[in-house]
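Following: one structure in structure tokens, then a few remarks.
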Amino acid sequence: MSDRNIERASALDTATLSDALDRRGLNGQCYRIKPRSSTSRMTGRAWSLLYGPAGHVVGTVGDYIDEVPPGSVVVLDNGGRDDATVWGDILTEVAHKKGVAGTLIDGVNRDVSLCLELGYPVFSKESWMRTGKDRVQVEARQVPVNIGGV
């Protein structure tokens, strides 16, 4: 299925999109979010998750991945946390095989080498190895989220 808006956005670079949003008075610049690779590009419909501190619910931070449609951008709001990751090798491998367009994280990710090897786009504040398991959990799926102040 063709999505004309995605096709049009795919033809533009982020600086052009940022400038256009700026001129309209819209904040479209996700503060401190950057690609893990300088060659990364992605466009797609957002598939969002909101994370919160781990509680009594048992599960992994990636139990949702089978629900994400191909071509989507996984958008993870981890509240900007830099002490617990919510994306790594296993999610990268599954998302890549499913044809997910990429991942955007308000926080940090781990296992950057596989992202680079597969050419799978990940945008985040930084990368760090500490797992989010037993530190964070998914609070909501497909809800409005905040990524770098946007």
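The values are calculated or read from the model by the stated rules, or taken from the named source; none is laboratory data. A quick note: this is a predicted structure, and the numbers were derived from the prediction, not measured. Every residue, glycine as well, gets a Cβ built from its backbone with ideal geometry; the counts of neighbours run over all protein chains shown. Side chains included, ligands, DNA and RNA excluded: accessible areas come from the protein's heavy atoms. Shrake-Rupley method; radii C 1.70, N 1.55, O 1.52, S 1.80 Å.
Of the listed requirements (1) aliphatic (A, V, I, L, M); (2) farther than 19 Å from Thr39 by Cβ; (3) open to solvent by 20 Å² or more (accessible area, probe 1.4 Å); (4) modelled with pLDDT under 95, Val143 misses just one: (4). Taking region 111-129 as the range and being out of contact with any helix residue (DSSP H, G or I) (no Cβ under 8 Å at 6 or more places or on another chain) and part of a loop (DSSP other than H, G, I, E, B) as the test, the residues that pass are Gly119, Lys125, Trp128, Met129. Within region 5-25, not a single residue is open to solvent by less than 60 Å² (accessible area, probe 1.4 Å), part of a loop (DSSP other than H, G, I, E, B) and touching a helix residue (DSSP H, G or I) at 6+ places or on another chain (Cβ under 9 Å). The set of residues in region 92-140 that are over 20 Å from Ser37 (Cβ atoms) and within 11 Å of the chain's Cα centre (by Cα) is empty. Which one of these is among the acidic types (Asp, Glu), open to solvent by 60 Å² or more (accessible area, probe 1.4 Å), out of contact with any Asp or Glu (no Cβ under 7 Å at 6 or more places or on another chain) and at positive phi: Asp134, Asp63? That would be Asp134, the only listed residue that is among the acidic types (Asp, Glu), open to solvent by 60 Å² or more (accessible area, probe 1.4 Å), out of contact with any Asp or Glu (no Cβ under 7 Å at 6 or more places or on another chain) and at positive phi.
Is it the case that Gly107 is at positive phi and open to solvent by less than 50 Å² (accessible area, probe 1.4 Å)? It is true that Gly107 is at positive phi and open to solvent by less than 50 Å² (accessible area, probe 1.4 Å).
Before we move on, is Ser72 without any contact (Cβ under 8 Å) to a residue 24 or more places away in the chain and either open to solvent by less than 40 Å² (accessible area, probe 1.4 Å) or farther than 24 Å from Ala9 by Cβ (or both)? No. Among the residues making up region 135-150, those that are part of a loop (DSSP other than H, G, I, E, B) and farther than 15 Å from Ile105 by Cβ are Gln142, Val143, Pro144.
Of all the listed residues (Gly80, Gly132), the sole one being small (Gly, Ala, Ser), modelled with pLDDT under 95, part of a loop (DSSP other than H, G, I, E, B) and within 26 Å of Gly55 (Cβ to Cβ) is Gly132.
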